[in-house]
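The values are calculated or read from the model by the stated rules, or taken from the named source; none is laboratory data. Bear in mind that the values here come from a model prediction, so they are computed numbers and not experimental data. As a convention, Cβ positions derive from the backbone with ideal geometry for all residues, glycine included, and neighbour counts pool all protein chains shown. Side chains are part of the model used for accessible areas, which takes the heavy atoms of the whole protein and leaves out ligands, DNA and RNA. Shrake-Rupley method; radii C 1.70, N 1.55, O 1.52, S 1.80 Å.
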Amino acid sequence: MSTAVEKLGGQAPRGEKNLVTQLDYARAGQITPEMRAVAEAERRDPEFVRAGVAAGRIAIPANVRHLEKGLVPRGVGAGLSTKVNVNLGISGDVADASMEWKKVGTAEKYGADAIMDLSNSGKTRFFRQQLVERTPLMVGTVPMYDAIGYMEKPLVELTAEDLLATVRAHAEDGVDFLTIHCGINRRVIETFKETGRLMNIVSRGGSLLFGWMEVTGNENPFYEHYDEVLEICHEYDVTISLGDSCRPGCLFDANDAAETAEMIELGKLTKRAWDVGVQVMIEGPGHMAINEIAANVTMEKRLCHGAPYYVLGPLVTDVGVGYDHITAAIGGAISASAGADFLCYVTPAEHLCLPDAKDVLDGLIATRIAAHAADIAKGVPGAREADDRMADARRRLAWDEMWAYALDPDTARVRYEASPASTEGTCTMCGKMCAVRTVNKVFEGTTIDLDLE
């Protein structure tokens, strides 16, 4: 089988045609330019990154075609900083491409590591191709969302060949990681039916496959034809993100039999992917009570052999509707500090509507706070430097420096300037009674002016 690079008429990206993926090169003992770039960004030795990729503990989602268009490689996995993903995309009810491009700009400006294009209406390929062309962030997609529109067929008429063709189209377009729900096979569905759930299946891709399997009576095509899926992924060095069809959609269903049964299947599929040189990430919950999160991460790392864990939230309560960026940030911080590697953001619009650009900003910053807090707890190299610099700037009341260290400097500056203090160097919370100002004056030997009249 020819590689994507050979089809493009070029040479293998790092010099050897029999080696295609980052995993291929890592196992061959070779450090790629992408591994070096990740090592530099993470303040790690390149050999640390290579060894992590070789063992499957680290993934570098980097489609060979996206690399040619300017992708900045990022590593996801053990010993690296926690990465953050932004979801966007055109829906059937809100098909406004200009709004989605605003969201892309927000993701790039405010520090996202990845964008998942979840477009699910009409012909989505042009937007996807333009996204890969224009953004240096990792790009992920869910081919199952696109299959109905791409093949112009109702769900139940889709064939295994149709679904594989959709996967290939996304890989050819340069997508770096594909969420594919391979683990929801007949065994998992039997467990789901036998044990029952309060919220049933809340994964969009999982529900579509469940419906297809129930109507046709056939096995999940992505599971049955997993080898063909892996061939496509290897050809373009697409990281397979094994989707969690049975992720819990409420606290009641967390860590139940269906979720666990699927994770067991994902562990088996992980080894099969690694065996043929395909990088893997595992997707996780969902909704989960705080006291269950660490155990869930431990279970994933055990059952899926240390593969990077990519979680949605998790949301730690079901009643935070309208504020689910907060419920998810709480869960995300706990999950990542326990060993999760990649956080998918949740916005205030979760469970309500398609998020707008402001929702994207709020969700992204909340999730970056969660990821950063977890990195400090995990001892990621350099994680606390900005915090210490912020503290030093605050001690000196150096406001312009504070903006430089803030995750969202624009909002911080706007709020400060909108409420000007009468005493220079302070804010309107304390004014002349600012504790920092008072102590500074003591150490400077300056008069403390606390006349508040």
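General observations
- Qualifying residue in the range 180-202 (condition: over 18 Å from K69 (Cβ atoms), within 18 Å of the chain's Cα centre (by Cα) and in contact (Cβ under 8 Å) with a residue 40 or more places away in the chain): yes
- With respect to the conditions (1) closer than 27 Å to V297 by Cβ; (2) open to solvent by 30 Å² or more (accessible area, probe 1.4 Å); (3) not aliphatic (A, V, I, L, M), S98 lacks only one, and its number is (1).
- Selected residue (only one of R437, R395 is more than 30 Å from M299 (Cβ to Cβ) and modelled with pLDDT under 95): R437
- Entirely in the range 332-451, the helices (runs of 4 or more DSSP H) that have 1 or more residues that are in contact with a Pro (Cβ under 9 Å, 6 or more places away or on another chain): 357-378, 399-405
- One residue from S119, S81 being under 19 Å from the mean Cα position of the chain (by Cα), polar (S, T, N, Q), in a loop (DSSP other than H, G, I, E, B) and modelled with pLDDT under 95: S119
- Check on K109, at pLDDT 95 or above, open to solvent by 50 Å² or more (accessible area, probe 1.4 Å), more than 19 Å from D237 (Cβ to Cβ) and not hydroxyl-bearing (S, T, Y): yes
- Residue in the range 152-174 that is without any contact (Cβ under 8 Å) to a residue 60 or more places away in the chain, surrounded by fewer than 20 Cβ atoms within 10 Å (Cβ to Cβ) and within 19 Å of the chain's Cα centre (by Cα) present: no
- Sole residue being open to solvent by 60 Å² or more (accessible area, probe 1.4 Å), under 30 Å from I90 (Cβ atoms) and β-branched (V, I, T), chosen from I365, I369, I448: I369
- Members of the range 296-336 found to be hydroxyl-bearing (S, T, Y), more than 25 Å from I60 (Cα to Cα) and either free of Cβ contacts under 8 Å to residues at least 60 places away in the same chain or open to solvent by less than 10 Å² (accessible area, probe 1.4 Å) (or both), listed by number: Y323, T327
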